[in-house]
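The values are calculated or read from the model by the stated rules, or taken from the named source; none is laboratory data. This one's a predicted model, so the numbers in the text were calculated from it and none came from an experiment. Every residue, glycine among them, receives a Cβ derived from its backbone with ideal geometry; neighbour counts consider all protein chains shown. In case anyone asks, the SASA skips ligands and DNA or RNA and just uses the protein heavy atoms, side chains included. Shrake-Rupley method; radii C 1.70, N 1.55, O 1.52, S 1.80 Å.
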Amino acid sequence: MMETAESRPWSDLQLELLGLVLRRLPSLADRVRLRAVCHPWRSNSLFQSLPLPFPWLALPDGTFLSIPSSEIHRLSVPEGACCQGSIDNWLFLMHNDDCSLMNPFSKTSLELPKLAKAWKRAMYDPDFGFNPIFYKLVVPSPLDSSPCSLVAAMIMDDGNYGTLCISQPPIAIDSFRDEKHPVWHLGDVAFFDGKLYVLGGFGQLFIFELDKDIGISAMECIIDSLGDLGGTPQSLSSEVVYMVRMYLVECAGRLLMVSRWLRSVARLTSDDFSERKKRTVLLEVFEADLRTNPARWRRATELGGHALFLGQHSSKSLPASECSGYNEDCIYFMCDYPWPKWSANPLCDSGVYSIRDGTITPLVAESAAVPPRHVGQWRPTWFFPPELV
């Protein structure tokens, strides 16, 4: 006679099986729900080494969109604070003239009280009233492990000038404004191998030297242009007007420049930003070859198995194999280039670009019911939650 198999409660699920399930969940919210089933699952999940979940997208109304599940989340931030960018799982918050970096999960905060004053002093001109429109903060090492890290903040204003502020919380050290120096259009900024690089117009790449007091002591143009790699790509029509946005990012131990080509598909007729105005049609990737003399750009055809999240206010690359739900050699992008007064839906020009075959697929499935949360003062930015909370 065959014996009946003894049933065991779900709370006795083997540790290995629990870890296998957790590693297959790209959404942090789903991992939280799994841990909430019972106390054994919650305690045993702490022993699991998990890949990073898929990042969230900060929306203009102050909420966060979880891409895989299309769920909307809220995180507690100080009342009246407005997010202007991010660094990994830290939000760059502004409230009047107060600036800070905050980890909304650990509630750790790094005050930057003199940062706003530093860039206002650098930008001050009695004849012009320029206002900041974009912020980009970068650090040479993760803030979670190096809370006293150097912070470089790039601020673009509506006069198309950039200001670069160097700070080490809680003090602002030095500032640089591109209208007074030979950098035509301060485009983006990134740390690479502990050094600070700045992207100028027409593919110019500058390296900034910092002295022992964290001040800007010197700057040098190490790449003066794209050279023969410049111009409209052959796959695009020469009869169409395009807008090009440039990004600088470290990826797989390389310093990359990404050119994002946008096509105008309607004429701007009012102050309202229409979701039909521009669409990304192509992304080009170039690697800074710093071993040659002089240094030069060369075209890149792969990302070393990484996934690259591209943004005006935050860019980051991670090995796709070590993360959950990421695609190798792909660039994730969204609409974060309209000025703040237009507050456009960040999903209206979003997608996933494969550098391998040049195809663009939707960032969010067309069947996903994502509410149009595009009204608000927050700037769209990538936000990378921890493995577990």
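Among the strands (runs of 3 or more DSSP E) lying completely within segment 179-288, list those that include at least 2 residues that are among the β-branched types (Val, Ile, Thr) and either at pLDDT 90 or above or crowded, with 17+ Cβ neighbours inside 10 Å (or both). Explain how you work it out, then say what you get.
On the way: elements: 188-192, 195-199, 205-210, 216-223, 242-251, 254-264.
Correct list: 216-223, 242-251.
From the residues in segment 63-91 that are among the small types (Gly, Ala, Ser) and out of contact with any strand residue (DSSP E or B) (no Cβ under 7 Å at 6 or more places or on another chain), which one is nearest to Ser145 (Cα to Cα)?
Looking at residues that are among the small types (Gly, Ala, Ser) and out of contact with any strand residue (DSSP E or B) (no Cβ under 7 Å at 6 or more places or on another chain), I get Ser76.
Tell me which residues, restricted to segment 305-329, are open to solvent by less than 20 Å² (accessible area, probe 1.4 Å), out of contact with any helix residue (DSSP H, G or I) (no Cβ under 7 Å at 6 or more places or on another chain), under 22 Å from Lys136 (Cα atoms) and not in a loop (DSSP other than H, G, I, E, B).
Residues satisfying the conditions are Leu308, Phe309, Ser317.
Could you run through segment 65-76 and say how many residues are buried (at least 20 other Cβ atoms within 10 Å of the Cβ) and either among the hydrophobic types (A, V, I, L, M, F, W, C) or more than 18 Å from the chain's Cα centre (by Cα) (or both)? Full working, then the answer.
In the first step, residues of segment 65-76 are kept if they are buried (at least 20 other Cβ atoms within 10 Å of the Cβ); the result is 65-67.
Next, only the ones that are either among the hydrophobic types (A, V, I, L, M, F, W, C) or more than 18 Å from the chain's Cα centre (by Cα) (or both) stay: 65, 67.
The qualifying residues number 2.
In segment 324-332, is there at least one residue being under 28 Å from Asp224 (Cα atoms) and either at pLDDT below 95 or among the aliphatic types (A, V, I, L, M) (or both)?
yes
Taking into account only those residues within segment 126-141 that are open to solvent by less than 50 Å² (accessible area, probe 1.4 Å) and in a loop (DSSP other than H, G, I, E, B), which is modelled with the lowest pLDDT?
Among those residues, the one meeting the criterion is Ser141.
Of the conditions (1) over 18 Å from the mean Cα position of the chain (by Cα); (2) exposed (fewer than 14 other Cβ atoms within 10 Å of the Cβ); (3) at pLDDT 85 or above, Ile171 satisfies every one except a single condition; which number is it?
Only one criterion is unmet by Ile171, namely (3).
Based on what the data block shows, is Asp144 more than 14 Å from Ser167 (Cα to Cα), modelled with pLDDT under 60 and outside any strand (DSSP E or B)?
Spelling it out, it is not the case that Asp144 is more than 14 Å from Ser167 (Cα to Cα), modelled with pLDDT under 60 and outside any strand (DSSP E or B).
Looking at (1) under 30 Å from Gly194 (Cα atoms); (2) open to solvent by less than 70 Å² (accessible area, probe 1.4 Å); (3) in a loop (DSSP other than H, G, I, E, B), find the lone condition where Glu302 falls short.
(2)
From the residues in segment 289-323 that are modelled with pLDDT under 95 and hydroxyl-bearing (Ser, Thr, Tyr), which one is farthest from Asn89 (Cα to Cα)?
This residue is Thr292.
Arg8 - would you say it is free of Cβ contacts under 8 Å to residues at least 40 places away in the same chain, open to solvent by 70 Å² or more (accessible area, probe 1.4 Å) and basic (Lys, Arg)?
Answer is yes for this residue.
What number goes with the only condition from (1) in a loop (DSSP other than H, G, I, E, B); (2) in contact with a strand residue (DSSP E or B) (Cβ under 7 Å, 6 or more places away or on another chain); (3) closer than 21 Å to Leu236 by Cβ that Val352 does not pass?
If we test Val352 against (1) in a loop (DSSP other than H, G, I, E, B); (2) in contact with a strand residue (DSSP E or B) (Cβ under 7 Å, 6 or more places away or on another chain); (3) closer than 21 Å to Leu236 by Cβ, just (1) comes out false.
Name every residue in segment 355-384 that is modelled with pLDDT under 90 and touching a strand residue (DSSP E or B) at 6+ places or on another chain (Cβ under 9 Å), in order of residue number.
Within segment 355-384, Val364, Val370, Pro371, Arg373, Gly376, Gln377 qualify.
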